[in-house]
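A short reminder: the numbers here are calculations on the coordinates, not readings from a lab. Keep in mind that what you see is a predicted model, and the values were worked out from it rather than measured. Glycine gets a Cβ as well: all are built from the backbone with ideal geometry, and neighbour counts include every protein chain shown.
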There are 2 protein chains.
Amino acid sequence: MTELFYLPPLFGLVGLILAFVIYGLIKRIPVTNKAIDVIADRIHLGAMVFMHREYKMLFIFSLVLGIFLYFSLGANTTLAFVVGAVSSAAAGYIGMFTATKANVRTTQAAHDTGAASALSVAFMGGSVMGLCVASMGLLGLGMLYWYFGDDPATAHVIHGFGMGASSVALFSRVGGGIFTKSADVGADLVGKIEAGIPEDDPRNPGVIADNVGDNVGDVAGMGSDIFESYCGSMIATIAIASTLVMSDLGSRETLMFLPLGLASTGLICSVLGILLVKMMSANKPDVALRAGTIGAAVLFVIAAWFVIQQAGISANVWWSVVAGAVGGIIIGLVTEYYTAGSPIRKIAKSGETGPATVMITGLAIGMQSVVIPVLTLCAIIYISTSLSGLYGVGIAAVGMLATVGITMAIDAYGPVADNAGGIAEMGGLGKETRDITDSLDELGNTTAAIGKGFAIGAAALAALAIIAAFVETMTLKYPNFTLHLGDPMVLTGLFIGGVLPFLIASITMTAVGDAAFEMIQEIRRQFKEIAGLMEGTAEPDTARCVDIATKAALKKMILPGVLAVAVPPLVGFIIGPHALGGMLGGALLGCVLLALMMANSGGAWDNAKKHVEKGNFGGKGSDVHAATVVGDTVGDPFKDTSGPSMNILINVMAIVSLVIAPLL
Amino acid sequence: MTELFYLPPLFGLVGLILAFVIYGLIKRIPVTNKAIDVIADRIHLGAMVFMHREYKMLFIFSLVLGIFLYFSLGANTTLAFVVGAVSSAAAGYIGMFTATKANVRTTQAAHDTGAASALSVAFMGGSVMGLCVASMGLLGLGMLYWYFGDDPATAHVIHGFGMGASSVALFSRVGGGIFTKSADVGADLVGKIEAGIPEDDPRNPGVIADNVGDNVGDVAGMGSDIFESYCGSMIATIAIASTLVMSDLGSRETLMFLPLGLASTGLICSVLGILLVKMMSANKPDVALRAGTIGAAVLFVIAAWFVIQQAGISANVWWSVVAGAVGGIIIGLVTEYYTAGSPIRKIAKSGETGPATVMITGLAIGMQSVVIPVLTLCAIIYISTSLSGLYGVGIAAVGMLATVGITMAIDAYGPVADNAGGIAEMGGLGKETRDITDSLDELGNTTAAIGKGFAIGAAALAALAIIAAFVETMTLKYPNFTLHLGDPMVLTGLFIGGVLPFLIASITMTAVGDAAFEMIQEIRRQFKEIAGLMEGTAEPDTARCVDIATKAALKKMILPGVLAVAVPPLVGFIIGPHALGGMLGGALLGCVLLALMMANSGGAWDNAKKHVEKGNFGGKGSDVHAATVVGDTVGDPFKDTSGPSMNILINVMAIVSLVIAPLL
């Protein structure tokens, strides 16, 4: 088996080269319109400034954590931690760099050639992010496995990789989420509601920050989130497999290597899916994107069959893969229903009786929307474990995430298209161009919602697999280790774990509220003090707004970040490993429920507002519209800050627990 | 020991007689003002009509459930079920009947004699509810224990009592909650916001329904909720004790009887506390009420020491009682902080940037507010179990609930004072009277918030004790029964359990939204069609609004009710007892978190609005006020419908599981 160990990093390298080739293709498209080039440069610059400052902070954080790891778990784990952090950071950096080049070229293509080529450019921009996530994961994790993986005694070193990836994700997702929504809420509240100017109007000082936010939050943040789940699911499965000395599923060596093998297969399928979308870009955009995703998934499931057969592993494991892959699609579809189906019309209608009923209806829909996804998770757990034991949960997560190359590409396509629309509006490219970018953007909203559902499902399953790996590790150490719910320690842990998602959601929502408040004051000040701004004769100071959002985001992500990393060792060392196990259970449950509820409420409010804006229930400017704007504003931190933070929270806590397990 | 078995029912009987005496005292106060007499009659009648129709439905529901119990668990359990249902229903009926007599007499006293006598009347009205809850619990449960309790083999029969109490609570709390908030939201949205008339304005057709709602929701609903927790904690503790064949805490017989003994002691302390409030009613109202509650609690803790000593039970058990009693006070105080302290000023301030930021801030505060209460619960669990094992959790719950006579009296005082204010406004009794009732009402809001926090804590602890009893029962049957979190079945159950609170919250919130929508249409119609209504020359058709709220409440409580009762047997029989155990754990966690969050968000929004109305941030009629009204409207179903439903949900599911445990 060891003779194949070079393959995952090789595939990773090839994928990365492909990503660079696509980047080159995008870069070759000339931006002929000077006006939009300047706007795009500002967005690019703002995003880069944020990224650099965020990474500087991340560096300090990682240094502290790295020193701690070095003295507690040794050099190898620390090395893995560094590789994980660098891999994730690199994927996010390259992906976002590309996205801020692709956005303006999408606008240009929409203006010069039309919808098909605009879709193609936007999707190519997204696919660089998708390929980077998959490739950096395979490259980094694959290299470490090549060195450490052949000996089950050293395989635990790669847990450090997961912790590195999680640390980056924590900062990217939480910091990016706070940035994007403080800018968005601030720009909307003053621009749309108070000044009465349209979204993305160049006179609005907050509009560049808003567009920067789409990149740092929805491209880099989302990428690091998925990267973490992707690597986490592999690491957990390897860890579980390493405890299986005797298994009727297959030999321990092949079971340990299978996650990387499946992920490599998935990368090939993703590339084929990306090609399929590219070939079909003349069709309706949603048809092209759907064909790519589903095509890649079907291909992967078929290919996985042969991989598993070839490796001499039980067919039961394949069924677990299928459970994960199908489950991911179901969760995505349910999310689509709640954020684009009849519920959004219900919310829009409730706007007839004002913002309060919009809130009540949206919250109720969000709460209801957790039911089917969570039951789907239950079904995945049930099917996969009854077929392949705990290993099945891990492999189901890998199955769900294997085609991450294309799902992430489609996710990242959304903010590129959104930015393209913003640039078209700010550059005054006219209605025709704007109509094209609008249609791409609308599709992007749907794909983003599906992507979010998928990300939550994947994060939950990955976290569950990591928790299972934690329990297995503890059982190796203490053969009688069980997390009996009737044990007061486990119960105490369960309650503490349940509280954490609520606390983190509260902190991040307050952060957005506070940062948006500063942003509102600044935008109001500029409207008041800069003469000629409203008339379009003076320029707004957009850099100042970017700076406010950056500072706020960097400051306010510290507390949730520290909490997520510090609570597991505190509980583990002070109250004990049973409480820690219970805590992970409670936190998993709380995170999944809140993440789904917040993402779906937020998405539904957003689209309810858009539904009204299309002329329903009185259309733009009506009281119903004003009521749905309130819903959308509340939904912003729900769906883009606090909700997504839940994915990271549970995964960080799970991976930290797994890393410290040998010390407990 | 058996020679003392007659004492609890005797104390219950005496308490009940006391309640009737107090009722007689209230009834003797003549209502001389004809105008307010008519209004009060309407409220009384509306409440009674709702109650009768609700109980009719409850009768059918209980009949079906009773037949099912008869054929599965025999005549004795069915008898206990009937006694439990009748006891709870009787307590609710008497308490609410009295409250709807005391409200108008409070108004009269405020008008004729002043604040001190008004406080006295309102509190006497509430204390009838308090005494009824405690007395009916002791009478009903005590009688059953007298017959069945001396033999551990038949002691399980009394579980049926808990199920009966839970069934009534389910309907009273959920139905009452939907009634009260659909009326409140409907009356407020049209009256205050659209028509611009003050709260409780007699021209508003929904205002009688709103006042009826206070009685059916906050008096009868709250009473049945507390009644259920009160009896549930005793039943669970008895059940846990019955499994303790050998214990160093004391003899099984005394441990089994102790909950009833402590509750009897608590009733005496409550009566003394009520007398203390009465004696101090010339002081500031909040001083009087606080002296009564804390006095009763301190007295109880001291008395409990002697009871436990006398019974030859370990002092460790006493410490568990103290943990419960102190924990209850802490949770109440935290609730007070979040719903009356600095957080409400923060919400009010956030109104400066509109309703969206009011929502974000309020939700964030609600989420944050779960932390300390849940950690307090953890501390109670930790302390009580490390001192007295699982029995400690049960006895801590009993300790928290023993002085229910006075805590419930203070809870029920709130809606009586609220009603008194409404009647003064509708009857046009002038500013002086209204000022007195307003100050009583304001205090009532705080006590209601504290009461809600207390009710959640008590319900959680009672449910936990019942779940512990369920686990012990299963362990007796299957000695290897453990709920290991690593077991996929337990995990699946945990997820299913976690979903249920979100689903029930969604259903009940939607129910309020839908019912309020009907109410709004009707009130708008009356304002439009009844000529002279706004001018005060024509009467509104208030009965029609009461009818709408009644029908909506009765219809919409069926689905959550059936779900709560049906899911445990479905999960238990189809997926298995491990999944059922996991489900109870997940549901407990979810219910506690949502209940606290919703109650505290709702309470904070309500008081933020009141804070603005006092002239802060622009006062009444300002944009900030309008923004906080939106918060309050969303908070209404949060704090008075969905949040409180969580207490019942987890207790119903726990007690149903305990009842069906022998069949699994």
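Annotations for the structure displayed:
- Net +/- balance of residues flanking B:L289 in space, Cβ distance below 13 Å, scoring K and R +1, D and E -1: -1
- For the range A:394-400, putting each phi into the Karplus relation 6.51 cos²θ - 1.76 cosθ + 1.60 with θ = phi - 60° gives couplings of x, 6, 5, 4, 4, x, 5 Hz, in residue order, rounded to whole numbers and with x for Gly and Pro.
- Taking a ≥ b ≥ c as the square roots of the eigenvalues of the Cα gyration tensor, the range B:510-555 is classed as prolate, since a/c reaches at least 1.5 and a/b is larger than b/c.
- Projecting the Cα atoms of B:T154, B:I238, B:P198 onto the charge dipole of the range B:114-263, computed from C-beta unit charges around the Cα centre, puts B:T154 farthest toward the positive end.
- Gyration tensor (alpha-carbon) shape descriptor, the range A:208-316, a/c threshold 1.5: oblate
- In the range A:6-663, Cα pairs under 8 Å separated by at least six residues give a relative contact order of 22 percent.
- When the Cα convex hull of the range A:343-408 is projected onto planes of every orientation, the mean area is 6.1 nm².
- Comparing Cα centroids, the range A:100-161 and the range A:565-593 end up 32 angstrom apart.
- Stretching A:E3 away from A:A531 to a fully extended chain increases their span by 183.1 nm, per 0.36 nm per residue minus the current alpha-carbon distance.
- Integer Hz, Karplus 6.51/-1.76/1.60 couplings in order for the range A:17-34, x for Gly and Pro: 4, 4, 4, 5, 4, 4, 4, x, 4, 5, 4, 5, 5, x, 9, 8, 7, 4
- C-alpha long axis of helix A:623-637 to longest principal axis of chain A, angle in °: 40 degrees
- Charged neighbours of A:V634, selected by a Cβ distance under 13 Å, balance to -3 (K, R count +1; D, E count -1).
- The label point for A:L45 and the one for B:K620, both projected 7 Å from the Cα toward the Cβ, are 5.4 nm apart.
- Peptides B:302-314, B:45-57 ordered by average Cβ neighbours within 10 Å, highest first: B:45-57, B:302-314
- Placing pseudo-labels 7 Å out from each Cα toward the beta carbon at B:S251 and A:D112 gives an inter-label distance of 9.7 nm.
- Residue mean of other protein chain beta carbons inside 10 Å, A:366-379: 5
- Cβ-defined net charge surrounding B:V31, 15 Å radius [Lys, Arg +1; Asp, Glu -1]: +3
- 5 angstrom amide H check on A:H484, placed H, neighbours 5+ away: B:L485
- Prolate/oblate/rounded label for the range B:53-155 (Cα gyration tensor, a/c 1.5): oblate
- The Kirkwood radius of the range A:524-620, taken over pairs of alpha-carbon atoms, gives through the Stokes-Einstein law at 4 °C and 1.567 mPa s a diffusion coefficient of 70 µm² s⁻¹.
- Against chain B, whose longest principal axis comes from its Cα atoms, helix B:488-529 is set at around 20 degrees.
- In a reduced charge model with +1 at each Lys and Arg Cβ and -1 at each Asp and Glu Cβ, chain B shows a dipole moment near 260 debye about its Cα centre.
- Nearest-ten-degree value, helix A:431-477 long axis tilted from longest Cα axis of chain A: 20 degrees
- 3J(HN,Hα) along the range A:411-419, derived from phi through the Karplus expression 6.51 cos²θ - 1.76 cosθ + 1.60 where θ = phi - 60°, amounts to 4, 6, 4, x, x, 5, 5, 4, 4 Hz, with x in place of Gly and Pro.
- Secondary-structure-derived ellipticity at 222 nm for chain B, considering helices only, amounts to -28500 deg cm²/dmol, per-run term -39500 (n - 2.57) for DSSP H runs with n ≥ 4.
- Taken along the Cα-to-beta-carbon direction at a fixed 7 Å, the label points for A:V21 and B:V31 span 8.7 nm.
- Dipole of the protein assembly as shown, positive direction: furthest Cα of B:V21, A:I208, B:L570, with charges on the beta-carbon: B:L570
- Each listed q (0.16 Å⁻¹) maps to a log10 I(q)/I(0) for the range B:420-524 from the Debye sum over equal C-alpha point scatterers, namely -1.01.
- Unsatisfied cross-links (Cα-Cα over 32 Å) in the set B:K452/B:K551; A:K192/B:K349; A:K610/B:K181; B:K431/B:K555: B:K431/B:K555
- Percent of C-alpha pairs per 10 Å bin, the range A:6-663, short to long: 4, 18, 29, 27, 15, 6, 1, 0
- When +1 charges are put on Lys and Arg Cβ atoms and -1 charges on Asp and Glu Cβ atoms, the dipole computed for the range A:63-185 relative to its Cα centre reaches about 300 debye.
- Rounded to the nearest 20, the size of the Cβ-charge dipole of the protein assembly as shown about its Cα centre is 520 debye, with Lys and Arg at +1 and Asp and Glu at -1.
- Computed over the alpha-carbon pairs of the protein assembly as shown, the distance histogram in 20 Å steps reads 12, 39, 34, 14, 1 percent, short to long.
- Rounded to 0.05, the FRET efficiency of the B:E194 and B:I60 pair, given R0 = 35 Å and the Cβ-Cβ distance, is 0.35.
- With the Kirkwood sum run over all distinct C-alpha pairs, the range B:320-472 has a hydrodynamic radius of 17.3 Å.
- FRET efficiency for B:K284 and A:N283, using Cβ-Cβ distance with R0 set to 60 Å, rounded to 0.05: 0.20
- Farthest towards the positive end of the charge dipole of the protein assembly as shown, among the residues B:I456, A:V416, B:L589, is the Cα of B:L589, using unit charges on the Cβ of Lys, Arg, Asp and Glu.
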